[in-house]
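Student: Sharing a structure, written as structure tokens. Questions coming.
The values are calculated or read from the model by the stated rules, or taken from the named source; none is laboratory data. In this text the structure is predicted, and so the values were computed from the model without any measurement. Here the Cβ positions follow ideal geometry from the backbone for every residue, glycine too, while neighbour counts run over all protein chains shown.
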Amino acid sequence: MSTPLILLIALLLDAVLGEPKWLWSKVSHPAVMMGNLIGWFDRISNTGQHKKQKGILVLLILCSLGAVIGILLAKLPDYGIVQTLVLAIFVAQKSLVEHVKDVANALHQSLPQGRKSVAKIVGRDTGSMNESAVARSAIESAAENLSDGIVAPVFWFLLLGLPGLLIYKFTNTADSMIGYLNDKYGDFGWAAARFDDVLNWIPARLTALLMALTSGAFGAGKIILRDAPLHRSPNAGWPEAAMAKTLNIALSGPRSYDGIMREFPYVYGEGRKDLNADDIIAATHILWRVWGALVFITTILALSF
């Protein structure tokens, strides 16, 4: 099968089946295995001197491993079946929508339930959040994960096949585990954080474009260009600014980490700041519209090869 056809089948397969919990309750998810390997490197390498150099070496090992595994799997004489399954596992659109919807459903029940649910998908303090903060957190997570978890894997698979996908996933997982600007990981996780920024540069901007176009927000470009740089991340601001403009809401803004309030600027600050569960549901509709655009583009490419 051609690369676009493999991708098309994987996107449809994930949308129908999602994450098979019965399977991952019996065997480790590949992302968990990646995390275990990165955690092992963290324990044995993130000590003593030359942490930045060690972090660079670890990232090179992880990316090389991803490339080798990808090349070997791509060479299997199975008509692309394994590649399709691997891709369906790592492009988890349905799972993302379900996790975000869970927050909306919990928030409909009660504020404490909403806080408890959103704490599963964000790293900020949730104990004192009001309804708007819970909704805003869920929507921001939806926007960022659409870019990191859907568009970026699709982009790198189309560009470099399974090796490109696995290199991206190893890097992105490493960034989520060790890519922090703190005393423990500031040096050791530097390479993972910077390379993740590079790999997400185009996908983040592509995600913003697809969000605006599929929502009919054709005049959103100026707002996105204006407000995306306000975000502390060089990439996350793009899908967040597009989501904010499309829904006419303010995202980012002040939030608490480890008991310390951070006064981050709002993205699209003139948007509504009083948010609720219905806004979360509206955000999931945007996720599916972008997914539909990816399916459409992939279908055109599949028919062309």
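Student: Just checking, how many residues over segment 272-305 are part of a loop (DSSP other than H, G, I, E, B) and within 14 Å of Glu140 (Cα to Cα)?
Tutor: The total comes to 3.
Student: Residues to consider are Leu62, Leu76; find the one that is loosely packed, with under 14 Cβ neighbours inside 10 Å, out of contact with any Pro (no Cβ under 8 Å at 6 or more places or on another chain), aliphatic (A, V, I, L, M) and under 30 Å from Leu13 (Cβ atoms).
Tutor: Leu76
Student: Among the residues of segment 4-19, write down those that are closer than 22 Å to Asp148 by Cβ and out of contact with any helix residue (DSSP H, G or I) (no Cβ under 6 Å at 6 or more places or on another chain).
Tutor: Leu12, Leu17
Student: Further, regarding this structure: Looking at segment 85-106, can you tell me whether even one residue there is surrounded by fewer than 17 Cβ atoms within 10 Å (Cβ to Cβ), more than 24 Å from Tyr185 (Cβ to Cβ) and of a type in the set (S, T, N, Q)?
Tutor: Checked against the condition, which is being surrounded by fewer than 17 Cβ atoms within 10 Å (Cβ to Cβ), more than 24 Å from Tyr185 (Cβ to Cβ) and of a type in the set (S, T, N, Q), segment 85-106 yields at least one hit.
Student: Which ones in segment 250-269 are over 25 Å from Asn182 (Cα atoms) and surrounded by fewer than 24 Cβ atoms within 10 Å (Cβ to Cβ)?
Tutor: Matches in segment 250-269: Ala250, Gly269.
Student: Residue check: is Ala191 hydrophobic (A, V, I, L, M, F, W, C), farther than 28 Å from Leu5 by Cα, over 18 Å from the mean Cα position of the chain (by Cα) and modelled with pLDDT of 95 or more?
Tutor: Yes; evaluated as a whole, the condition is true for this residue.
Student: Any chance you could count how many residues in segment 65-84 are closer than 26 Å to Gly18 by Cα, in a helix (DSSP H, G or I) and in contact (Cβ under 8 Å) with a residue 12 or more places away in the chain?
Tutor: Qualifying residue count for the region: 9.
Student: Inside segment 112-122, can you point out the residues that are over 14 Å from the mean Cα position of the chain (by Cα) and either in a loop (DSSP other than H, G, I, E, B) or farther than 21 Å from Ser252 by Cβ (or both)?
Tutor: Pro112, Gln113, Lys116, Ala119, Lys120
Student: Of Trp238, Trp288, which residue is in contact (Cβ under 8 Å) with a residue 12 or more places away in the chain, among the aromatic types (Phe, Trp, Tyr) and more than 22 Å from Leu107 (Cβ to Cβ)?
Tutor: Checking each option against the conditions leaves just Trp238.
Conditions (1) at pLDDT below 95; (2) basic (Lys, Arg); (3) more than 17 Å from Gly164 (Cα to Cα), marked per residue:
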position: Leu12; (1), (2), (3): no, no, yes
position: Trp22; (1), (2), (3): yes, no, yes
position: Lys26; (1), (2), (3): yes, yes, yes
position: Asn36; (1), (2), (3): no, no, yes
position: Gly70; (1), (2), (3): no, no, no
position: Pro77; (1), (2), (3): yes, no, yes
position: Val100; (1), (2), (3): no, no, yes
position: Ala106; (1), (2), (3): no, no, yes
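Student: Related question: Right, Met243: in a helix (DSSP H, G or I) and either touching a Lys or Arg at 6+ places or on another chain (Cβ under 9 Å) or within 17 Å of Glu144 (Cα to Cα) (or both) or not?
Tutor: Against the criterion (in a helix (DSSP H, G or I) and either touching a Lys or Arg at 6+ places or on another chain (Cβ under 9 Å) or within 17 Å of Glu144 (Cα to Cα) (or both)), Met243 qualifies.
Student: Next question. Tell me whether segment 48-59 contains one or more residues that are of a type in the set (Lys, Arg) and surrounded by fewer than 17 Cβ atoms within 10 Å (Cβ to Cβ).
Tutor: Looking for residues that are of a type in the set (Lys, Arg) and surrounded by fewer than 17 Cβ atoms within 10 Å (Cβ to Cβ), one finds at least one in segment 48-59, hence yes.
Student: Is there a residue in segment 55-64 that is in contact with a helix residue (DSSP H, G or I) (Cβ under 6 Å, 6 or more places away or on another chain), assigned to a helix (DSSP H, G or I), among the β-branched types (Val, Ile, Thr) and over 30 Å from Ile300 (Cβ atoms)?
Tutor: Yes: one or more hits.
Student: Something else now. Restricting attention to segment 8-32, report how many residues are among the charged types (D, E, K, R) and either touching a His at 6+ places or on another chain (Cβ under 7 Å) or over 18 Å from Pro153 (Cβ atoms) (or both).
Tutor: Number of matching residues: 2.
Student: Do we find that Leu17 is over 18 Å from the mean Cα position of the chain (by Cα) and under 30 Å from Ile280 (Cα atoms) in this structure?
Tutor: Yes, satisfied.
Student: Same structure again: Could you give me the residue pairs with C-beta distances under 7 Å whose first residue belongs to segment 29-58 and is under 14 Å from Thr171 (Cα atoms), whose second residue is assigned to a loop (DSSP other than H, G, I, E, B) and among the acidic types (Asp, Glu) wherever it lies, and which are 6+ apart or on separate chains?
Tutor: Gly55/Asp187
Student: Could you check segment 258-271 and list, in sequence order, the residues that are part of a loop (DSSP other than H, G, I, E, B) and either of a type in the set (Lys, Arg) or closer than 21 Å to Pro4 by Cβ (or both)?
Tutor: none
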